[in-house]
Amino acid sequence: MHDQAESIIRLLNLCRHEVINHLQVISGLAQLNKTEKLQSCVRKVNEELYQMGRLASCGDARLGLLIYDAFAKTPENSLSVEYNGTMPVLSQASLKLAAKLIDACKEYLLREESVLLKIALGGGDTPSITLRFSSVSGKQPKLGCLLENAAGHDLAAVISDEGGALTLLLDKQEQISEQ
C-alpha cells in the first residue's frame, strides 16, 4: 500500500503518461485530417482526464489510486466518479478491505457483459464508497456475490433497494495528537 504522497505522485505520473499518449493519437488524427475522429478523441480524452483529476483530489489519494488501477483501464465498462463531501484519510484497515472489495468488483465487471459502473465517494463523518452498477441490456445486476465478499472481510456493506448499488462503509484514520 502506498502512502498519500506516493499515491499523489503515482496518479500525477499516470496522468502525464495518459496525456502524452492521447496527444500522440490526436497529432496522428490531425495529420491524417480525420476531424470527426479527432473531435471524438478529444471528448474522450477530456472525460478521462476529468475522471482522473476527480480521483486524485478525492481526499484520500490512496483510494483514488486503488479505483484508478482497478477500473480506469477496463475498456468494456464506463467509469464515472462523483463526490458527496470530502473523503477523509481512511484507516489502513479500511483501505485494505476496500481494496479487496474493489478487486471483487473488477472481477464482477470482467465476468458480466455491458455493465456500467458509477462510483460515489461519500465523505464526512461516515465515509463510504457506493458502487452503482447498471446493465446496458436492462437486466438487473446480481450483486449478492459482492455482498458476500464484503461480509467475508468484515466490511459493513449494503445493497440498495433498487438492487444495482453496493455501499461500503469505511473508517477514518485515527487523528494523531501532537505531543
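Quick look at the numbers
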{"quantity": "Selection count where residues are in contact with a strand residue (DSSP E or B) (Cβ under 8 Å, 6 or more places away or on another chain) and at pLDDT 85 or above, scope segment 1-60", "calculated": "1"}
{"quantity": "Single residue of segment 81-97 satisfying the filter (surrounded by 14 or more Cβ atoms within 10 Å (Cβ to Cβ) and under 15 Å from Arg132 (Cα atoms)) that is modelled with the lowest pLDDT", "calculated": "Tyr83"}
{"quantity": "Candidate set from segment 32-58 (those that are outside any helix (DSSP H, G or I) and more than 22 Å from the chain's Cα centre (by Cα)); member that is surrounded by the fewest Cβ atoms within 10 Å (Cβ to Cβ)", "calculated": "Asn33"}
{"quantity": "Segment 1-20, subset within 12 Å of Asp60 (Cα to Cα) and among the charged types (D, E, K, R), residue surrounded by the most Cβ atoms within 10 Å (Cβ to Cβ)", "calculated": "Glu6"}
{"quantity": "Selection count, segment 97-133, where residues are free of Cβ contacts under 8 Å to residues at least 24 places away in the same chain and within 15 Å of the chain's Cα centre (by Cα)", "calculated": "1"}
{"quantity": "Top-ranked residue of segment 128-149 - restricted to ones that are in a loop (DSSP other than H, G, I, E, B) and under 18 Å from Ala70 (Cβ atoms), ranked as modelled with the highest pLDDT", "calculated": "Leu143"}
{"quantity": "Where Leu29 falls short, out of the listed (1) loosely packed, with under 13 Cβ neighbours inside 10 Å; (2) over 25 Å from Thr130 (Cβ atoms)", "calculated": "(1)"}
{"quantity": "Selection from segment 102-127 of residues that are at pLDDT below 80 and either in a strand (DSSP E or B) or aliphatic (A, V, I, L, M) (or both)", "calculated": "Ala104, Leu109, Leu110, Val115, Leu116, Leu117"}
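The values are calculated or read from the model by the stated rules, or taken from the named source; none is laboratory data. Since this is a predicted model, take the numbers as computed values, not measurements. Using ideal geometry, Cβ is built from the backbone for each residue, glycine included, and neighbour counts are taken over all protein chains shown.
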